[in-house]
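I have placed the structure first, in the form of structure tokens, so that the comments after it can refer back to it.
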Amino acid sequence: MGYNIGMKETAVTTESLLEIMNHQLEVIDTKDSVIEQKDKIIADLKQKLDYMLHQRYASSSEKFPSNQPSLFEEDSDIEIEEESQTETLTYTRKKRGNKSTPPESLPRVRVEHDISDEEKICECGCGLKRIKEIHSEQYDVVPAEFRVIDNVRFIYVCSCNCGSKPITSPLTPQVLPKTQVTPSFLATIAVEKFEDAMPLDRQVKKYKKRFGVEFTSTTFSNWMIKTSELRLKPLIEKLSVIQMNSGYTCR
């Protein structure tokens, strides 16, 4: 059995194609005209923006005189409102020679600059009396001084030779017993390493070069480790217990 299905075909003529092409050309011409108009507006705005930036930020010698007519006073579809506000820049200039006051926590060393005894006699023959002091402070740094602490202990025996046991005076408590380092030297090594970021080997070289004292980085390292284990670790543990019992942290 055969079936004939009829299909309706739309006839396309030359006239219809020409009409479609003409319509498309008109649309393209319209868009080209709009684009050209927008390009003109953009160029005009760019020129005005450049002029305004030049007027605001150029040096005074490069600015145009106020009585000179603007080159961009032509009418445009888009109006730009120029800011009439005047921007005022304020700043504080440091006075030259303004000296800062040294902190009160720094120790003071009084150095007196006095006149001689002969100059303290007035022309009339009477003595001069001091009425005022003028102070002028200067910053000063005492250079590092490497020294040796000689711990001297004494042994006492009975003067009657009764045979009693001799008595030796004890040492004061040491941070690191049986070592040749004082608490001040330990603190200096720790500060230079952990605060000033100076490695131990550089510290060893510094003390050898400046003071002629020879150490090894291993010795410095052992001193830091022993100080941490004997002195800092118990302190940290004690502070941890106090903090946990204070109620400000979760257990």
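The values are calculated or read from the model by the stated rules, or taken from the named source; none is laboratory data. Just so it is clear, the model here is predicted, and its values are computed rather than measured. Positions of Cβ are generated from backbone atoms using ideal geometry, with glycine treated the same way; all protein chains shown enter the neighbour counts.
Listing for the model above:
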read-out	value
Answer from 133, 137, 123 - the residue that is surrounded by 10 or more Cβ atoms within 10 Å (Cβ to Cβ), outside the structural domain of residue 211 (by TED's automatic domain parsing) and assigned to a loop (DSSP other than H, G, I, E, B)	137
Filter pass, residue 224 being farther than 29 Å from residue 153 by Cα and surrounded by 14 or more Cβ atoms within 10 Å (Cβ to Cβ)	no
Qualifying residue in the stretch 178-196 (condition: over 30 Å from residue 107 (Cα atoms), polar (S, T, N, Q) and assigned to a helix (DSSP H, G or I))	no
The stretch 215-251, subset part of a helix (DSSP H, G or I) and among the charged types (D, E, K, R), residue nearest to residue 175 (Cα to Cα)	231
